[in-house]
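Remarks on the structure that follows.
The values are calculated or read from the model by the stated rules, or taken from the named source; none is laboratory data. Note that this is a predicted model, so its numbers are computed, not measured. Methodologically, a virtual Cβ is constructed for each residue, glycine included, from the backbone with ideal geometry; neighbour enumeration extends over all protein chains shown. With ligands, DNA and RNA removed, areas are computed over all heavy atoms of the protein, side chains included. Shrake-Rupley method; radii C 1.70, N 1.55, O 1.52, S 1.80 Å.
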Amino acid sequence: MKELFQLILVGLIAFPGCQITEKKNRQADQIMAEKIKAEFVRSWNAYKTYAWGHDVLLPVSKSYMDWYEQSLHISPIDAYSTMKVMGLDKEAEEVQRYVVDSIDFDKDLFVKTFEVNIRILGGLLAMYEFSGDKKVLAKAEDFGKKLIPAFSSPTGIPYYWVNLKTGEAKGEVVNMAEGGSCLLEMGMLSRFTGNPVYFEKAKNASLAIFNRRSSIGLIGKSINVETGAWTDSISHIGCCIDSYYEYLYKSWLLFKDKEIKNIWDQSIVSIQTYIADEVDTALWYGTVDMETGEKVNSVVTLYDAFFPALLALSGDLERAARYQDSWNSLWKQYGLEPMVYDYRKKEILNASYDLNPEIIESAYYLYYFTGDTIYKEMASQYFSDLMTYCRTEVAFTCIKDVTTKEQKDHMETFFLAETMKYLYLVFTAPEDINPDDCVFSTEAHPFRKKQGFQP
Ligand code: DMJ
């Protein structure tokens with residue numbers, strides 16, 4: 001200890017300038033984190049004022065909408081873990097009480113299995129992990145049980161829709177993200193309840209997808225869950241397949257399942273061999289035929305910008321940095337990212353931007369793993385552009401066209417769950433909330449890695 005003090009003293013005497021710069025940087029980060037938190041609170045208050053009890057805030061008309069005929073309260077459940085990360089305990093407690101006292105999922109509604117799994121089940125599990133409230137776990141288990149009938153297909157890949165009351169499941173064609181992104185939530189439910197069935201169902205689904213891979217190790221975009229036949233045989237890493245890959249690697253980190261790790265190890269080799277696309281000096285990931293690996297097109301969606309984060313997490317910092325550069329250049333060109341883009345033709349195919357988090361998520365992981373301030377600068381730029389183009393009188397809204405910046409009237413629930421959380425985490429480091437201590441779900445709900453029940 002004495003030696004440490006001596007060292008610090010020598011450092012202070014030798015490099016006083018460094019100390020001052022270091023302090024200034026810390027202060028600047030703190031100011032940014034507080035600004036982001038204040039914007040989160042402003043948006044949350046707008047939700048409470050204009051949309052309380054409903055799924056989504058409409059931040060221009062100051063109104064609300066629900067996903068289905070009845071509300072599932074998606075915004076507050078999705079936002080809770082960000083509140084805890086930001087230290088907003090009063091707000092978080094209010095949501096927790098509301099979930100326990102007033103939310104009943106026993107509703108005769110067909111819901112999208114994938115979407116409610118990542119937003120509602122994931123949100124409830126994070127709520128249980130932060131609060132330790134057994135009543136919250138009971139809600140999560142009740143909700144998880146309601147999703148189980150979705151896995152009753154002949155292949156074990158979940159149906160698109162499931163009825164929360166009757167358990168009827170339907171919708172036999174699903175994409176790979178919808179079919180293969182339940183591992184984290186179902187695995188955490190198994191860990192918390194001690195009942196392995198949830199993880200087993202999710203794992204079967206991922207295995208069923210992998211077992212239908214082509215001879216070159218690629219999977220298609222969508223499948224019939226009853227026949228197991230591919231209904232779209234294009235292959236890529238982006239929208240509609242993305243979180244299938246994300247959940248392979250992340251569930252290895254969380255549950256140490258070697259079979260799943262083996263799927264990831266094989267899949268990433270095929271991805272880098274066939275899907276990676278070098279264009280001049282830039283790295284992109286395009287679309288290929290799953291059987292032959294031949295290029296089909298160079299169309300990407302802004303969801304694909306999650307991939308640098310996954311590359312960084314899995315240790316491939318070089319490709320992660322190169323791919324993030326490609327996305328960052330696109331963002332800089334428009335001040336936001338377009339939803340669909342052709343990187344060879346340099347042409348926008350869908351100009352909307354829905355407050356999506358992926359590019360920010362990747363900046364966060366890259367900053368965390370490299371410490372390179374270039375990623376902090378990127379995040380500052382993204383926040384500043386969100387403030388300029390997406391901020392409304394009361395909250396933030398999606399954009400119809402990134403070239404004109406015309407606004408829509410919708411604040412996605414993932415804006416509170418993911419976009420604001422990752423922005424905040426770039427500038428501050430709450431204890432235990434980082435990619436070493438936890439695994440963030442595809443909706444950015446942090447699940448701690450600490451050893452417990454292994455499903
Ligand atoms: C989120 O709901 C999740 O990240 C999902 O996996 C796909 N992307 C949206 C946000 O863009």
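Report the GluC sites (Glu not before Pro) located in segment 123-222 that are in a DSSP loop and have at most 16 other Cβ atoms inside 10 Å of their Cβ, or state none.
Glu168
Which loop chymotrypsin sites (Phe, Trp or Tyr not before Pro) in segment 383-455, with loop taken from DSSP, have no more than 15 other Cβ atoms within 10 angstrom of their Cβ?
Phe453
Multiply the residue gap between Lys261 and Lys165 by 0.36 nm, knock off their C-alpha separation, and tell me the result in nm, one decimal place.
31.0 nm
Arrange the peptides 39-47, 145-153, 211-219 so that the one whose residues have, on average, the most other Cβ atoms within 10 Å appears first.
145-153, 39-47, 211-219
Leaving ligands and nucleic acids out of the surface, order Lys261, Lys24 by accessible area at 1.4 Å, largest first.
My answer, sorted largest first, is Lys24, Lys261.
Hey, which lysines would be in cross-link range of Lys48, C-alpha to C-alpha under 17 Å, not counting anything within fewer than 8 residues on its own chain?
Within reach: Lys37, Lys62, Lys90.
Is it possible to state the helix-based mean residue ellipticity at 222 nm for the chain, with each DSSP H run of 4+ residues giving -39500 (n - 2.57), the sum divided by total residues, to the nearest 500 deg cm²/dmol? What is it?
Calculated at 222 nm, the ellipticity per residue is -15500 deg cm²/dmol.
Run the simple label-point estimate for Asn350 and Glu377 please: 7 Å along Cα→C-beta, distance reported in nm.
Placing both labels 7 Å along Cα→Cβ, they lie 3.3 nm apart.
For the peptides 368-379, 249-260, what is the packing order when you average, over each peptide's residues, the other Cβ atoms within 10 Å and list the highest mean first?
Final packing ranking: 249-260, 368-379.
Between their Cα atoms, which of Lys134/Lys201; Lys201/Lys421; Lys139/Lys165; Lys84/Lys146 are more than 18 Å away from each other?
Lys134/Lys201; Lys201/Lys421; Lys84/Lys146
Want the number for Thr403 to Asp432: 0.36 nm per residue separation, take away the alpha-carbon distance, what's left?
Taking Thr403 through Asp432 to full extension adds about 6.5 nm, to one decimal.
So, with a 1.4 angstrom probe, what is the percent of accessible area on segment 274-321 that is carbon and sulfur?
About 47 percent, which is the carbon plus sulfur part of the accessible surface.
For Arg26, what is the net charge nearby, where nearby means another residue's Cβ is under 13 Å from its Cβ and Lys, Arg count +1, Asp, Glu -1?
0
Do the alpha carbons of any pairs in Lys135/Lys203; Lys250/Lys449; Lys258/Lys450 sit beyond 20 Å of each other, and which pairs?
Too far apart for the 20 Å limit: Lys135/Lys203.
Quickly work out the Met387-to-Val279 label distance, labels modelled 7 Å from Cα along the C-beta direction, and quote it in nm with one decimal.
3.2
Relative contact order of segment 116-248: what whole-number percent is it, with Cα pairs under 8 angstrom and at least 6 residues apart?
It comes to 24 percent, rounded to a whole number.
For segment 381-424, calculate the relative contact order in percent as a whole number, restricting contacts to Cα pairs under 8 Å that are 6 or more residues apart.
26
Grab the Cα-Cα distance for Thr227 and Thr49, subtract it from 0.36 nm times how many residues apart they are, and report the gain in nm with one decimal.
Result: 59.3 nm gained on full extension.
Name the residues of segment 396-424 whose amide N is less than 16 Å from a point 7 angstrom out from the Cα of Glu115 along the C-beta direction?
Counting only backbone N, you get 398, 409-417.
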